Amino acid sequence: MPFSVGILYSAQTFLKFICGTFMNTSEFTSVFQRFQATTSTQVLELSKNCSWININSMGNIEVSEHGNEILMQANMQDALRIQLKHLIRKYRPSWSYLLHKGRKEAFQYFPPNVKQCFKEAELINSYEPAVIEWWDQLAFIARKNQEDNKLRIGRAGEELSLQYEKNRTGKNAVWQSIESNLSGFDILSCVSSSDASPLCIEVKATTYTDLFPFYLTRNEWSVAETSQQFYFHLWILGECPELYIVDKNNIESHIPFNKGNGTWESVKITFDIETLKEISIKGQ
């Protein structure tokens with residue numbers, strides 16, 4: 001990924017250059033083999049990928065709205081901050097999911113070239129209002145990206161459970177979490193191919209391979225407690241997804257109690273794989 005101070009500063013100069021000329025991409029790369037600290041191809045690809053430029057109806061390069069946002073900054077440092085924000089939104093690097101933890105926490109996990117970019121932009125030690133606002137914006141983006149990723153993983157697990165239940169019972173289960181997220185379970189199936197009694201299934205999924213952490217809400221547990229037939233499908237995703245089916249009785253001992261004026265809303269439960277193997281009704 002193009003998190004390099006030299007490349008980003010080169011892109012700033014490239015945007016200024018484009019503002020004053022009419023040139024298409026072929027002309028640009030043929031005239032400039034290198035452009036400041038990088039190659040013409042790299043600066044062109046970066047600018048296209050981050051939507052800093054557009055190609056008009058004549059085939060010429062134009063600075064886009066995002067590109068103008070960079071050019072409007074008072075200095076190269078402020079422009080670099082905007083570039084970093086655009087890059088993080090575009091590429092969603094793995095370390096960006098830590099941005100909401102706070103800058104000192106996140107910074108220790110940055111690759112060296114990324115650390116240099118953040119230092120150059122003076123985003124690490126300054127308490128200027130603009131810097132605090134930058135971090136608040138990126139923390140919001142990081143939380144949203146994290147939630148999006150959790151949702152994708154969760155949906156993948158639910159799809160696997162739907163197929164598993166179709167294979168097991170010969171019937172199509174109801175994808176309840178699509179219809180309502182207040183039901184307290186994700187899949188409505190049946191006990192067996194010969195028993196149409198309802199079976200509620202709460203699906204949890206992870207990409208971890210040695211531990212299985214998941215969150216259980218109070219509503220999910222209330223429904224599990226009062227349902228006659230309720231199972232947990234715990235999926236470990238990968239090339240060959242693994243399923244562990246856990247009865248609600250094996251979850252009960254991990255549920256907290258309300259105390260005094262406090263009421264629990266969600267609990268994090270973590271199983272190691274050996275424990276899952278022991279308590280699972282059936283694995284796949």
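Here, each number is a calculation from the coordinates, and none is a lab measurement. Bear in mind the structure is a predicted one, so any value in this text is a computation, not a measurement. Here the Cβ positions follow ideal geometry from the backbone for every residue, glycine too, while neighbour counts run over all protein chains shown.
Brief remarks follow.
- Gain upon complete extension [residue 108, residue 172; 0.36 nm per residue less C-alpha separation]: 18.2 nm
- Hz values of 3J(HN,Hα) by residue in region 200-215 - Karplus curve (6.51, -1.76, 1.60), Gly and Pro given as x: 8, 10, 9, 9, 10, 9, 8, 9, 5, 10, 10, 10, 10, x, 8, 9
- Scanning residues 5 or more positions from residue 63 or on other chains, those with amide H under 5 Å from its amide H are 54, with H placed 1.01 Å from N in the peptide plane.
- In the chain, Cα pairs under 8 Å separated by at least six residues give a relative contact order of 11 percent.
- Under-5 Å amide H pairs with residue 190, H placed in peptide plane, nonlocal only: 199
- Here the chain is assigned +1 on the Cβ of each Lys and Arg and -1 on the Cβ of each Asp and Glu. Its dipole about the Cα centre then comes out at about 500 debye.
- For region 182-284: rounded, prolate or oblate by the Cα gyration tensor [a/c cutoff 1.5]: oblate
- Partners for residue 48 among aspartates and glutamates (Cα-Cα distance below 17 Å; same-chain residues under 8 apart left out): 27, 62, 65, 69
- Square roots of five times the Cα gyration tensor eigenvalues for region 57-148, Å: 24, 17, 12
- Note that region 165-181 has calculated 3J(HN,Hα) couplings of 5, 4, 5, 6, 9, x, 10, 7, 7, 8, 7, 5, 5, 6, 6, 7, 9 Hz, one per residue in order, obtained from phi through the Karplus relation 6.51 cos²θ - 1.76 cosθ + 1.60 (θ = phi - 60°); glycine and proline are x.
- Gyration tensor verdict on region 1-80 (Cα atoms; rounded if a/c is under 1.5, prolate if a/b is larger than b/c, oblate otherwise): oblate
- Of the cross-linked pairs 90/204; 144/277; 171/204; 150/171, those separated by over 30 Å at the C-alpha level are 144/277.
- Dipole of the chain, positive end: most advanced residue of 227, 217, 50 [Cβ charges, Cα centre]: 50
- Long-range HN-HN contacts of residue 205 with modeled amide H, under 5 Å: 235
- Cα gyration tensor shape for region 154-222, rounded if a/c is under 1.5, else prolate or oblate: oblate
- Quarter of the Cα convex hull surface for the chain, i.e. its orientation-mean projected area (nm²): 21.3 nm²
- Here is the list for region 1-92: chymotrypsin sites (Phe, Trp or Tyr not before Pro) lying in DSSP coil, each with at most 12 other C-beta atoms within 10 angstrom of its C-beta, are 22.
- Averaging the sequence gap over all C-alpha pairs within less than 8 Å and six or more residues apart, then dividing by the number of residues, gives region 152-218 a relative contact order of 28 percent.
- Fewest neighbouring Cβ atoms within 10 Å first, the residues 221, 95 line up as 95, 221.
- When the helices of the chain are scored as -39500 (n - 2.57) per DSSP H run of n ≥ 4 and the total is divided over every residue, the value at 222 nm lands at -14000 deg cm²/dmol.
- Sequence-ordered 3J(HN,Hα) estimates for region 24-40 from the Karplus curve with 6.51, -1.76 and 1.60 and θ = phi - 60° stand at 8, 5, 5, 5, 4, 6, 7, 6, 10, 6, 10, 10, 6, 8, 9, 8, 4 Hz, glycine and proline given as x.
- Loop GluC sites (Glu not before Pro), region 179-256, which have at most 14 other Cβ atoms in a 10 Å radius of their Cβ (DSSP): 239
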